[in-house]
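Each remark here refers to the structure printed beneath this line.
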Amino acid sequence: MRKKTTIPEILLMKSEARKITVLTAYDYPTARLVDAGGVDAILVGDSAGVVFGGCENTLPVTMDEMLYHVKAVVRARPKALVIADMPFMACQSGELEALKNCGRMLKEGGAEAVKIEGGTNMSSIIRAVTDMDIPVMGHVGLTPQSVHRMGGYKVQGRKDQAEKILEDAQAVQDAGAFAVVLEGIPARLAARITELLDIPTIGIGAGPSCDGQVLVIHDILGLCEKYSPKFVKRYADLAPVITEAARQYVTDVKEGHFPTEEHSFS
Ligand code: KIV
């Protein structure tokens, strides 16, 4: 029988060189399905705003929306560790606000950890949150909430920017985070950071040397037809399957093939 994944187990996985697997989920059925697939952690990402809610970027996502998604995922009672992503401005306006909002993710949402974007700029906030025993996963490199500063979703940490990303990752560890997402950085830089840090690095578009990997569930299932980043591997192509099922249903109803006696009450 599979055991519940805990923070100490995630830390142990790095020391034993066992890769850590993370997928996003935003609802009850998806959480059940990815958990059955054996992921170590489920990230209730603010990517929900984009792939679930249809927003241009993650900036409009609110605490209430995230709490709704976190509660739905937690109701699946996954063995995977449940990590709640902190939406834009839930932590940025000060320690007190950050503590209140991170606390809500555990107290009301039932999450077991939170994820906060940012490096040196967020280290005092991460320290305040971890000091209250709320486990924090950091997130440095291409941080989607910084889309306007970056001028789009561009690879970070190339050439003379590399030291800054390294400093950010180190700051997140020093502030007490139990893991850090490295997003959209060169593979060699991610390998360097992974070697330097004691805490696990979880890569997305950061090459194969990270201690673990995270991907967005809609991307791996082929549900987002608009855009597929280079770092995504598609494991299923569900969009045409869903459209075809809808098409067959429409035809059946219009032509009188559904419902039949089989689907009717006497
Ligand atoms: O919101 C999210 O899904 C994320 C991952 C892509 C790391 O932050």
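The values are calculated or read from the model by the stated rules, or taken from the named source; none is laboratory data. Since we're looking at a predicted model, the values are computed, not measured. Backbone-built Cβ (ideal geometry, glycine too); neighbour counts: all protein chains shown. Please note that ligands, DNA and RNA were not included when accessible areas were found on the heavy atoms of the full protein model with its side chains. Shrake-Rupley method; radii C 1.70, N 1.55, O 1.52, S 1.80 Å.
Things to note:
- Cβ-based net charge around Glu117, under 14 Å, with every Lys or Arg adding one and every Asp or Glu removing one: -2
- Point-to-point label distance, Lys233-Tyr68, nm (Cα→Cβ direction, 7 Å offset): 3.4
- FRET efficiency, 1/(1 + (r/R0)^6) with R0 30 Å, evaluated for Val241 and Lys19 via beta carbons: 0.55
- Placing pseudo-labels 7 Å out from each Cα toward the beta carbon at Leu59 and Arg2 gives an inter-label distance of 3.8 nm.
- Surface share of carbon and sulfur [accessible, 1.4 angstrom probe, percent] for segment 9-85: 56
- Between Ile42 and Leu81, Val82, Ile83, the built amide H atoms are under 5 Å apart, and every one of these is 5 or more places off in sequence or on another chain.
- Peptides ranked, highest mean first, by Cβ atoms within 10 Å: ranges 200-207, 135-142, 237-244: 135-142, 200-207, 237-244
- Long-range HN-HN contacts of Lys115 with modeled amide H, under 5 Å: Ala84, Asp85, Met86, Met137
- If only the Cβ of Lys and Arg carry +1 and only the Cβ of Asp and Glu carry -1, the dipole of the chain around its Cα centre is close to 460 debye.
- Between the listed residues Leu33, Tyr235, Val216, the Cα displaced farthest toward the positive end of the dipole of the chain, a dipole computed from Cβ unit charges relative to the Cα centre, is found at Tyr235.
- Segment Ala187-Leu96, length gained on full extension (0.36 nm per residue, minus Cα span): 29.1 nm
- Residues of the chain: accessible area per residue with a 1.4 Å probe, Å²: 52
- Estimated vicinal HN-Hα couplings, Hz - segment 129-141 in sequence order (Karplus 6.51, -1.76, 1.60; Gly, Pro = x): 6, 5, 4, 8, 6, 9, x, 10, 9, x, 7, 10, x
- Here the 3J(HN,Hα) profile of segment 69-77, calculated from phi with Karplus coefficients 6.51, -1.76 and 1.60 at θ = phi - 60°, is 5, 4, 4, 4, 5, 5, 4, 6, 6 Hz, Gly and Pro shown as x.
- Point-to-point label distance, Asp252-Gln161, nm (Cα→Cβ direction, 7 Å offset): 5.0
- Amide hydrogen proximity for Ile20: with H placed 1.01 Å from N in the peptide plane, the residues at 5 or more positions away or on another chain lying under 5 Å are Gly212, Gln213.
- Phi angles across segment 80-87 convert, under the Karplus curve 6.51 cos²θ - 1.76 cosθ + 1.60 with θ = phi - 60°, into 3J(HN,Hα) values of 5, 5, 9, 10, 9, 7, 8, x Hz, Gly and Pro given as x.
- For the listed residue pairs Lys14/Lys115; Lys164/Lys230; Lys79/Lys233, the alpha carbons are over 20 angstrom apart in Lys164/Lys230; Lys79/Lys233.
- The chain - convex hull of alpha carbons, volume per residue in Å³: 153
- When each of the peptides 23-29, 33-39 is scored by the mean number of other C-beta atoms lying within 10 Å of its residues, the order from highest to lowest reads 23-29, 33-39.
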